[in-house]
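First comes the structure, then the notes that go with it.
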Amino acid sequence: MVAIGIDIGGTSIKGAAVYSDGKMLNTFSLPVYRGDPGEKTVNDLIDLVEKYIKEHGLEKEIAGIGIGIPGTLDVDNGIVEYSNNLKWENLPITKLFQKRLPYKVRISNDANVAAFGEAKFGAGKGVPYSIMLTLGTGVGGGIVLDGKLYEGNLGKAAEMGHIVMEYNGRQCTCGRKGCLEAYASATAIVNDTKKAMEEHPESLMHQVAEELGKVDGRVAFKAARQGDKIAQQVVDQYIFYLSEGILNYCNIFRPNLVILSGGIANEGDYLFDKINNYLKVHNYGYKKTPEVKVVPAKLGYDSGKIGAASLFFK
Ligand SMILES: [Zn+2]
């Protein structure tokens, strides 16, 4: 079985044919046109998909076209309700595809399909229950239960970043206060790093930031590894909130794995050992409840394409 998986990002769209064993053919891509309310971009995308299917001789084999999209969607009716990244509003993307191509189309949130891709063919391969958290500008993610993507009513579940960690805590972009996103996103650690650098001109983080040419999510981790106490405090606080958030998901879903993606997930054993040790100590029911392992994502940018196509695989 083969399906087309498409991953729509803020600036570009990438897609590929993916087989039900996870094998992927070459990737096609096109830019998202700025200022276009969506129709022109989508029509060019449809041209490209049609050409790609013909070139690979897949016309008779395609099970469907899966599309991951950033923003709020009505997945049942195939409509992009609003995407802040794309500036698309009430775009009937499934209808546009089906007007021109004879294939089934399914849309889902971009974070959801990435989680599904990782669960099926990446870090979660062979495991029934997994949760993915993407640590980027915000904290996104997805939930896979019994091998199936859990999308909730109209596909609007899995807003993983918006669980409150701190009553009356930091202001979150969603309007509430104290959400996980405000403590565990890449944005949050960059803000914490900058604040700690201001307060501590002696910290090694200044030198690291100069070497890297900017203050990003790596600065505190790099300085912490070299023994800088202030950087270690920044990292430990970050890991504390992230681990507590993960424990909340563990207590509700008891997944086999929690998969982390995004730039922060590249911090290797230094990050994952600390999180896994924290989880071991604070696991509900101590040794009676199965432990949950936290691991890095494996598929990188391919997870969205693979996950979107996987929406058609049994
Ligand atoms: Zn929030």
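Does Pro290 qualify as being touching a helix residue (DSSP H, G or I) at 6+ places or on another chain (Cβ under 8 Å) and not in a helix (DSSP H, G or I)? Reasoning before the result, please.
Details: touching a helix residue (DSSP H, G or I) at 6+ places or on another chain (Cβ under 8 Å): no; not in a helix (DSSP H, G or I): yes.
Here the answer is no, as Pro290 does not meet what is asked.
Name the single residue, out of those in the stretch 191-211 being assigned to a helix (DSSP H, G or I) and open to solvent by less than 60 Å² (accessible area, probe 1.4 Å), that is nearest to the ligand (Cβ to nearest atom).
Of all residues in the stretch 191-211, those assigned to a helix (DSSP H, G or I) come to 191-199, 205-211.
Still in the list and also open to solvent by less than 60 Å² (accessible area, probe 1.4 Å): 192-193, 196-197, 205, 208-209.
Details: Asp192: 17, Thr193: 21, Ala196: 23, Met197: 26, Met205: 27, Val208: 30, Ala209: 28 Å.
Filtering first and then ranking leaves Asp192.
Mind checking which residues of the stretch 268-312 are open to solvent by 20 Å² or more (accessible area, probe 1.4 Å), of a type outside the set (A, V, I, L, M) and touching a strand residue (DSSP E or B) at 6+ places or on another chain (Cβ under 7 Å)?
Asn276, Lys293, Pro296, Asp302, Phe312
Scan the stretch 217-234 for residues that are assigned to a helix (DSSP H, G or I) and without any contact (Cβ under 8 Å) to a residue 40 or more places away in the chain and jot them down.
Within the stretch 217-234, Val219, Ala220, Lys222, Ala223, Lys229, Ile230, Ala231, Gln232, Gln233 qualify.
Which one of these is open to solvent by less than 60 Å² (accessible area, probe 1.4 Å), in contact (Cβ under 8 Å) with a residue 40 or more places away in the chain and in contact with an Asp or Glu (Cβ under 6 Å, 6 or more places away or on another chain): Ile259, Ile264?
Details: Ile264 fails: in contact with an Asp or Glu (Cβ under 6 Å, 6 or more places away or on another chain).
None of the other options fit; the residue is Ile259.
Per-residue answers, yes or no, for (1) over 25 Å from Thr134 (Cα atoms); (2) in a strand (DSSP E or B); (3) of a type in the set (Lys, Arg); (4) without any contact (Cβ under 8 Å) to a residue 60 or more places away in the chain:
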site	(1), (2), (3), (4)
Ala17	no, yes, no, no
Thr41	yes, no, no, yes
Gln98	yes, no, no, yes
Gly117	no, no, no, no
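Hey, any hits in the stretch 53-73 for a residue that's in a helix (DSSP H, G or I) and crowded, with 18+ Cβ neighbours inside 10 Å? Explain how you work it out, then say what you get.
Step one: filter the stretch 53-73 for residues in a helix (DSSP H, G or I), giving 53-55.
Filter again for crowded, with 18+ Cβ neighbours inside 10 Å, leaving 53.
Yes, the conditions are met somewhere in the stretch 53-73.
Going through the stretch 165-190 one residue at a time, which ones are within 8 Å of the ligand (Cβ to nearest atom), outside any loop (DSSP other than H, G, I, E, B) and touching a helix residue (DSSP H, G or I) at 6+ places or on another chain (Cβ under 8 Å)?
Glu181, Ala182 - these are the residues of the stretch 165-190 that are within 8 Å of the ligand (Cβ to nearest atom), outside any loop (DSSP other than H, G, I, E, B) and touching a helix residue (DSSP H, G or I) at 6+ places or on another chain (Cβ under 8 Å).
Which of the residues belonging to the stretch 141-164 are more than 10 Å from the ligand (Cβ to nearest atom) and either of a type in the set (Ser, Thr, Tyr) or outside any strand (DSSP E or B) (or both)?
Keep residues of the stretch 141-164 that are more than 10 Å from the ligand (Cβ to nearest atom), which gives 141-158, 160.
If the condition is that a residue be more than 10 Å from the ligand (Cβ to nearest atom) and either of a type in the set (Ser, Thr, Tyr) or outside any strand (DSSP E or B) (or both), then Asp146, Gly147, Tyr150, Glu151, Gly152, Asn153, Leu154, Gly155, Lys156, Ala157, Ala158, Met160 are the ones that fit.
Would it be correct to say that Gly138 is farther than 21 Å from Asn251 by Cα, of a type outside the set (Ser, Thr, Tyr), within 13 Å of the ligand (Cβ to nearest atom) and under 15 Å from the mean Cα position of the chain (by Cα)?
On the way: farther than 21 Å from Asn251 by Cα: yes; of a type outside the set (Ser, Thr, Tyr): yes; within 13 Å of the ligand (Cβ to nearest atom): yes; under 15 Å from the mean Cα position of the chain (by Cα): yes.
Spelling it out, Gly138 is indeed farther than 21 Å from Asn251 by Cα, of a type outside the set (Ser, Thr, Tyr), within 13 Å of the ligand (Cβ to nearest atom) and under 15 Å from the mean Cα position of the chain (by Cα).
Determine which member of the set Asn85, Asn77 is farther than 15 Å from Ile306 by Cβ, in contact (Cβ under 8 Å) with a residue 60 or more places away in the chain, part of a loop (DSSP other than H, G, I, E, B) and open to solvent by 80 Å² or more (accessible area, probe 1.4 Å). Give the steps one after another, and end with the answer.
Details: Asn77 fails: in contact (Cβ under 8 Å) with a residue 60 or more places away in the chain.
After applying the criteria, what remains is Asn85.
Considering each of Leu247, Leu242, Leu257, Leu271 in turn, give the residue that is closer than 18 Å to Leu133 by Cα, touching a Lys or Arg at 6+ places or on another chain (Cβ under 7 Å) and modelled with pLDDT of 95 or more.
The conditions single out Leu257.
The values are calculated or read from the model by the stated rules, or taken from the named source; none is laboratory data. Not measured: the values here are computed from a predicted model. Because the Cβ atoms are built from the backbone with ideal geometry, glycine has one as well, and the counts that use them run over all protein chains shown. When the accessible area is computed, the model is the full protein with side chains, heavy atoms only, and any ligands, DNA or RNA have been set aside. Shrake-Rupley method; radii C 1.70, N 1.55, O 1.52, S 1.80 Å.
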